[in-house]
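The values are calculated or read from the model by the stated rules, or taken from the named source; none is laboratory data. Since this is a predicted model, take the numbers as computed values, not measurements. No Cβ is skipped: glycine too gets one built from the backbone with ideal geometry, and neighbour counts run over all protein chains shown. With ligands, DNA and RNA removed, areas are computed over all heavy atoms of the protein, side chains included. Shrake-Rupley method; radii C 1.70, N 1.55, O 1.52, S 1.80 Å.
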Amino acid sequence: MADDGPQEGVLLSGEENVAVRIKLEREARGWSTGAVSERLNEAGFDMNPSAVWRIENRKRRINLDEAIGFAELFGLELRNLVGPPQLAAKARAMELIDDVVAAFHETQRANAAFTTARDALDRCLAEHPEIREEAEAMVSNTLAEVATSHLRDTYGPSLDDDAQDDRDVT
């Protein structure tokens, strides 16, 4: 039995994803394969309507330059064009996934920077043990203030803060 298209929830390969996504994007815009061909040609990507149809129907492979052309035509990032169509068609989900991945990378960079800074401080304090206690207290207090401030910004004032405010007023 011939496969008429992707099944829901199935993660296809990159080239298969591109074929499905091109058809989805074209149909969402109400464009014919001829209209896609014309727009690609105007943008400098040589493509005839038959080639568009053959790519969509997996009768012809797509090269990288052509994939870039389709991504530009549809206003997509190339990695979203090759992503799973069921997910990639949900643009907001893809944006949020990108945000999560970017935040994770930022966290990794920040953790590496923290480790480097902490190691440098530890080396310095090993050379100057007479300031270790004061320096450690300063680091601990500052980190606690930053964490508390972040928690207040994220979750609002705590009950303990409200109770302290009440004590300050009386």
Selected residue (criterion: modelled with the lowest pLDDT) from residues of segment 129-170 that are in contact with a helix residue (DSSP H, G or I) (Cβ under 8 Å, 6 or more places away or on another chain), open to solvent by less than 70 Å² (accessible area, probe 1.4 Å) and assigned to a helix (DSSP H, G or I): Asp161
Report whether or not Arg61 is touching an Asp or Glu at 6+ places or on another chain (Cβ under 7 Å), open to solvent by 70 Å² or more (accessible area, probe 1.4 Å) and basic (Lys, Arg). yes
I'm trying to understand the selection: among the residues of segment 69-94, which are farther than 11 Å from Val18 by Cα, aliphatic (A, V, I, L, M) and outside any loop (DSSP other than H, G, I, E, B)? Leu73, Leu87, Ala91, Ala93, Met94
Checking Arg109 against (1) basic (Lys, Arg); (2) in contact with an Asp or Glu (Cβ under 8 Å, 6 or more places away or on another chain); (3) surrounded by fewer than 11 Cβ atoms within 10 Å (Cβ to Cβ), the condition it does not meet: (2)
Among the listed residues Ala28, Ala126, identify the single one that is modelled with pLDDT under 95 and either out of contact with any strand residue (DSSP E or B) (no Cβ under 7 Å at 6 or more places or on another chain) or surrounded by 14 or more Cβ atoms within 10 Å (Cβ to Cβ) (or both). Ala28
In segment 64-79, which residue that is within 20 Å of Ser13 (Cβ to Cβ) and open to solvent by 20 Å² or more (accessible area, probe 1.4 Å) is modelled with the lowest pLDDT? Arg79
Residue set Phe114, Phe104; condition modelled with pLDDT of 95 or more, part of a helix (DSSP H, G or I) and within 30 Å of Asn17 (Cα to Cα); output residue Phe104
Quick count over segment 30-66, residues being within 15 Å of Leu81 (Cβ to Cβ) and free of Cβ contacts under 8 Å to residues at least 12 places away in the same chain, is 2
